[in-house]
Amino acid sequence: MNILLIGSGGREHAFAWKLTQSKLCDKLFIAPGNAGTALCGTNLPIAVNDFELLSAACITNKVDMVLVGPEEPLVKGIYDHFQNSPATKHIAVIGPSKEASQLEGSKAFAKAFMQRHNIPTAAYGEFTTENYNEGVDYIKNHSLPIVLKADGLAAGKGVLICQHTIEALSEFELMLRQSKFGDAGKKVVVEEFLKGIELSVFVLTDGQNYVLLPEAKDYKRVGEGDTGLNTGGMGAVSPLPFVNSAFLQKVKETIIEPTIAGLKKDKLEYRGFIFFGLMNDDGDPKVIEYNCRMGDPETEVVIPRIKNDLVELLTATAQQQLNKVVIETDSRCAAAVVAVSGGYPGDYKSEVAIEGLADEVLENSLIFQSGTKQLGNDIVTNGGRVLVVTSFGDTISEAAEQSNYMMEQLYFEDMYFRSDIGYEFP
Ligand code: AMP
Ligand code: GLY
């Protein structure tokens, strides 16, 4: 079959790499893709939110399946757009409907969903300019730290963890009265701070059944030792030593299964990945957030650890046959290290030449490209996160060490990467 993959990050390069290993994949198209995905298929210069052009490209290229990488087209309704047109209705879109994507697109929607279906999460209040004073009282009477979240998509910047009431009140005012996050912050969720260890759990669901994928942890802060500003993710590891079968059983029973049952009960159409951002508080999992897609860089460790044919998995998802699928996992550990442009997550240079990509890659390592593009004969930087090296090892530290070594063989001006990914797991 012919497949269109939407997105342009390291996540999409990892997906593209895996899709082309399937005998079932005839032609792979990526929109818009990057210089790495161009090694796996044909990049189409179409923006992820241009549904008209994406539909037209699917018809022209006889595409049978669309895999949506990032959240934005999902939240904007790409699934419904394809479903609602007779010319594209037959194409299987892997990703939730517009309404179901609200699990990521609106924090208030996600919190109400969890409350309705009894899924453990932080206690919260929801405020707009209409009940502004109630919000002020809620914050004044709340324990510290306290968490403020812009309701809508805010490019990963909409969550603030405040240590002082006065700071929380000031941020609350900035969000609701000064439009700090634009429309995304017109509604604010104020919630309890959850303590514990963060982890990410992923499932693929067809709306009836689900399969559990390998878990992962990502490293969000730019600096070593988890310091400095938040980023899209500087690295990821999988599996996690503290995730044992008793903990996973709790995650399934108290979180995953009630979520799938809730989707069914609320008639939310969902055939795609669910990314559960969880907090493990002494063996008790709680949901921090839902994402309606895979993570980046989590995909770069999760997908290489899955032995199944990805096209078979996605076909079973589209046909609601995931009950017939058994996930086979590579038992080795994987560690992904991300190289970013100096200055990221602030300002950085673009179109800087990258060296070393044509050199030999060590056995047990993979190079995925993120913000890269072809410029003449060169591959140059084209974004904050530029390259990802994933390596396998018997332990996380062995895998991370090899990724660091491979990273040192790659070069671009002002390149930076964290050399401590997986530091807490010896
Ligand atoms: P989100 O944008 O929802 O992924 O939140 C960003 C990050 O903020 C999460 O990955 C957590 O590290 C942190 N966070 C969000 N909500 C909470 C909470 N209720 N308690 C503790 N940390 C939180
Ligand atoms: N790495 C976090 C995310 O993809 O949301």
GNM flexibility winner over the chain from 400, 336, 57 (Cα, springs under 10 Å)
57
Leaving ligands, DNA and RNA out of it, work out the accessible area of residue 103 with a 1.4 Å probe and give it in Å² to the nearest 10.
10 Å²
Hey, could you get me the Stokes-Einstein D for the range 177-308, Kirkwood radius over alpha-carbon pairs, 25 °C and 0.890 mPa s, rounded to whole µm² s⁻¹?
151 µm²/s
Taking all protein chains in place and a 1.4 Å probe, what share, in percent, of the accessible surface of the chain do carbon and sulfur account for?
48 percent
If you bin every alpha carbon distance in the range 17-160 into 10 Å steps from zero, what whole percent lands in each bin?
10, 30, 26, 18, 12, 4
Express the accessible area of the chain per residue in Å², computed with a 1.4 Å probe while the remaining protein chains stay in the model.
42 Å²
In the P(r) worked out for the chain, what percent of Cα pairs fall beyond 31 Å?
39 percent
Within the under-13-Å Cβ sphere about residue 301, not counting residue 301, Lys/Arg +1 and Asp/Glu -1 give a net charge of -1
Magnitude of the Cβ-charge dipole (Lys and Arg +1, Asp and Glu -1) of the chain about the Cα centre, nearest 20 debye, reported as 1260 debye
Computed on Cα atoms, Rg of the range 313-366 relative to 2.2 N^0.38 Å comes out at 1.91
Listed residue pairs exceeding 19 Å between alpha carbons, taken from 18/62; 149/286; 98/264; 149/220:
18/62
Can you give the extra length, in nm with one decimal, that the chain gains between residue 312 and residue 221 once fully stretched, where that is 0.36 nm per residue apart less the Cα-Cα distance?
29.2 nm
Residue 254: net charge of surrounding residues, Cβ under 13 Å, Lys/Arg +1, Asp/Glu -1, itself excluded?
-1
Restricting everything to alpha-carbon atoms, can you work out Rg to Rh for the range 316-425 with a Kirkwood hydrodynamic radius?
1.08
For the range 143-189, would you read off the P(r) tail past 17 Å as a percentage of all alpha carbon pairs?
23 percent
One-quarter of the Cα convex hull surface for the range 1-57, in nm²?
3.4 nm²
Projected convex hull area of the range 92-184, Cα atoms, direction-averaged, in nm², equals 7.1 nm²
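What translational diffusion coefficient, to the nearest whole µm²/s, does the range 116-163 have by Stokes-Einstein, given a Kirkwood radius computed over alpha-carbon pairs, a temperature of 4 °C and 1.567 mPa s viscosity?
105 µm²/s
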Taking the chain and dividing mean pair separation by its residue count, relative contact order in percent (alpha carbons under 8 Å, at least six apart)
16 percent
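The values are calculated or read from the model by the stated rules, or taken from the named source; none is laboratory data. Small disclaimer: the values here were computed from a predicted structure and weren't measured. Cβ coordinates were reconstructed from backbone atoms using ideal geometry, including for glycine residues, and neighbour counts include every protein chain displayed. The accessibility values were calculated without ligands, DNA or RNA, using every heavy atom of the protein model including side chains. Shrake-Rupley method; radii C 1.70, N 1.55, O 1.52, S 1.80 Å.
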